[in-house]
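First comes the structure, then the notes that go with it.
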Amino acid sequence: MQLTEESLKVAFWFTLCRPRRSCSLVAVILTTGTKHPSMESPPEAAAADPTARSFSQVVFIDIPHSYPPSANVTCSYTLTSAFQPNPRDWVGIFKVGWSSAKDYQTFVWVEPCLDVVEQQAMTKQAVFKEYYLPKDDIEFYQFCYIDNTGQVRGASTPFCFKNPVEQSLESSPDDDLLVITTQEQVEQSVREKAELMKELDQIRKENETLKSALKREQQEVQNVKDQNEQKEQQMKKTVTEMDEVREENKLLKSTLEEQLKETDRLKEKYDRAVMKINQLKEEREELRRTNDTQSVEIDGLKSKLREKERELLKMKDNIQLLQVDLQSSNKEKVRLSSEMQRLQSLTQNMQEVQQENQTLRRSLSQQEALQKYPDDDLKVKYQALLCQLDKAQEQLTNEKEESRKFRRLKEAIEQDLVKAMEQLQDMALTHEDTNRRFSKQELLLTEAHAAIAEKDSALKDQENVITLLRHEREELTNENGTLRNDIERLSSVYAESHHRQPEPVHEAAGATASDHEQRQNAPEESAQSENLYENMGNIAGPEEEEPCLVCRHCQESFPGITRSELDQHEQSHRVCPFCTMICDNMEQSVFEDHVYSHEL
């Protein structure tokens, strides 16, 4: 027979009040399931029957009266076939008289059932660690099985925590023991025995009352059985109806599952569409950002293109300046050619003079053979002729040296002119190539603007165009650097050609000085040819004094120089072609900026 919750509580109450002497009463109540007549009426008993049924689904077995407090506690329990365990079920230790599942002292989770066999009871164990056990040895406790929903599915008989020594000191009235004690202890024992006898009589009366209550409960149980049979019939009808409803539910469930699947498919399609829309939005934003960055790059390329155009204009101006310098060099070449012709004529005249000198020497040697002692007049003439001869030789040497220097200078200038012409031709070709590249770059920029307005598929072509523009820009930068280096090199060559032109005069002067020293070191040789140059007065007359020349740029006067030397000095100045400002102390880049500033 199953126990109700009130029966268990009454049994626990009697056990708490009489831990040693009412065990038999507890056993009777637990086995018979009787109730006190004043506790519950028949309707209440019928209502409490499901709770009692839930209490009996887990039965604790082999529960002793006490456990040692300093050791682990193991309790055994049996799961009935009607109960289905859950891994979230737990077994707790509660004080007797608990009112809620939250009043536990400690608990452990139940062992999960891996092999669950339906309609078969099984026995499990729960182990409580000694550290978590209650330390109060006066209170009584019991094990309770709580399922995952918080319902009590079983409870054990009460127990306490006492040492085995304390248990051995307690004696049972039924044990036949020989006890040696004092008179006072005997009297105390007699009084306790009398009290216990009174309590025993009271318990017997209560037992009779409980027996009568048990009979009434049995009658009520019979009535409940009859009611249960009627309810079982109703339950059968209800079960058949439930089966029909279950079948309908299955059909509805299958239909609902199909609808859920269709909903999931539609949801997946919707999610994919949303993802695609978001992806397209991101691509659109990315294309916009790319368009903006490309617009910025194109603006930068335009500004750089304008800078390159300005540099190209500067290069054109430099080329024009170089062309002007080339024209002046050509003029200088013509002047040097005329000077060379004059020097050649002088050389030819000097050769004729040398031939005449040889003739005079021969005639002089003949006269010496005829007249060994010349007169004083002849000596004077001889000295005059000797001076004229020295002057003629000095002038001849100077003219020869100057002729050689001018010839070398002419050859060097011709080579420089040839190189300058070649470089100008190369620069012209480079300029044409640069113009073509700039036109190509402008065309590519136009194509890039058109590609920006096209659809998303044209972005790759636009990137290729921009990459091509970058390569072209790098090539143009390199070519501009090369052209700038060529211009600087040509400027340096041109400046060196201007500085090299006065050198032959100094070299000629040095050569003249060396020849004069040689003549001073050899007076005897010159004395032998005194009479050879009597007629040289008409050939090498006195030099005319040249006026003092002034530079038209720096306004400095240079006495004793020729017009060609003055021209060389004027050409050595760095003069602005627009404002005629002298810029000798300026660097080449500063001078170019100054010239371009007039154009702007």
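The values are calculated or read from the model by the stated rules, or taken from the named source; none is laboratory data. Everything numeric in this text was worked out from a predicted model, so none of it was measured. FYI the Cβ positions are ideal-geometry reconstructions off the backbone, even for glycines, and counts take in every protein chain you see.
Only a single criterion out of (1) of a type outside the set (A, V, I, L, M, F, W, C); (2) more than 19 Å from N163 (Cα to Cα); (3) out of contact with any strand residue (DSSP E or B) (no Cβ under 6 Å at 6 or more places or on another chain) is not satisfied by Q57, namely (3). Of the residues in segment 360-382, not one is part of a helix (DSSP H, G or I) and modelled with pLDDT of 80 or more. Between L396, L429, L417, the distinction of being assigned by TED's automatic domain parsing to the domain that holds S328 and surrounded by 19 or more Cβ atoms within 10 Å (Cβ to Cβ) belongs to L396 only.
In segment 63-105, which residue that is among the small types (G, A, S) and touching a residue at least 40 places away in the same chain (Cβ under 8 Å) is surrounded by the most Cβ atoms within 10 Å (Cβ to Cβ)?
Of the residues in segment 63-105, the ones among the small types (G, A, S) are 66, 70-71, 76, 81-82, 92, 97, 99-101.
From the residues that got through so far, the ones that are touching a residue at least 40 places away in the same chain (Cβ under 8 Å) too are 66, 70-71, 76, 81, 92, 97, 101.
Details: S66: 17, S70: 9, A71: 11, S76: 15, S81: 12, G92: 22, G97: 14, A101: 17.
Restricting to residues being among the small types (G, A, S) and touching a residue at least 40 places away in the same chain (Cβ under 8 Å), the top hit is G92.
Taking every residue in segment 249-265 that is on the phi > 0 side of the Ramachandran plot and pairing it with any residue that is at pLDDT 85 or above and part of a helix (DSSP H, G or I), at least 6 positions away or on another chain, yields no pair with a Cβ-Cβ distance below 7 Å.
Please tell me if P37 is part of a loop (DSSP other than H, G, I, E, B) and either within 19 Å of A121 (Cβ to Cβ) or modelled with pLDDT under 50 (or both). Spelling it out, P37 is indeed part of a loop (DSSP other than H, G, I, E, B) and either within 19 Å of A121 (Cβ to Cβ) or modelled with pLDDT under 50 (or both).
Suppose the filter is surrounded by 11 or more Cβ atoms within 10 Å (Cβ to Cβ) and β-branched (V, I, T); does T293 pass it? Outline the logic, then answer.
Values: surrounded by 11 or more Cβ atoms within 10 Å (Cβ to Cβ): yes; β-branched (V, I, T): yes.
Judged against the criteria, T293 is a match.
When you look at D325, is it assigned to a helix (DSSP H, G or I), among the acidic types (D, E) and farther than 30 Å from K400 by Cα, yes or no? It is false that D325 is assigned to a helix (DSSP H, G or I), among the acidic types (D, E) and farther than 30 Å from K400 by Cα.
Do you know which of the residues in segment 70-91 that are assigned to a strand (DSSP E or B) and among the aliphatic types (A, V, I, L, M) is nearest to the chain's Cα centre (by Cα)? That would be V91.
Write out, first by first residue and then by second, each pair whose Cβ atoms fall under 7 Å of each other, whose residues are 6+ apart or on separate chains, and whose first residue, in segment 459-471, is within 12 Å of L301 (Cα to Cα) and surrounded by 12 or more Cβ atoms within 10 Å (Cβ to Cβ) while the second is among the acidic types (D, E) and at pLDDT 70 or above. Close Cβ pairs (under 7 Å, with a partner that is among the acidic types (D, E) and at pLDDT 70 or above) amount to I466/E297.
Within segment 295-332, which residues are without any contact (Cβ under 8 Å) to a residue 12 or more places away in the chain and either of a type in the set (S, T, Y) or touching a Ser or Thr at 6+ places or on another chain (Cβ under 9 Å) (or both)? Full working, then the answer.
Taking segment 295-332 first, the residues without any contact (Cβ under 8 Å) to a residue 12 or more places away in the chain are 296, 299-300, 303, 306-307, 310, 320, 327, 331.
Matches in segment 295-332: S303 only.
To keep it simple, each residue is scored yes or no on (1) closer than 30 Å to Q388 by Cα; (2) basic (K, R); (3) at pLDDT 80 or above.
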| site | (1), (2), (3) |
| --- | --- |
| D292 | no, no, yes |
| S295 | no, no, yes |
| R306 | no, yes, yes |
| Q323 | no, no, no |
| S329 | no, no, no |
| V334 | no, no, yes |
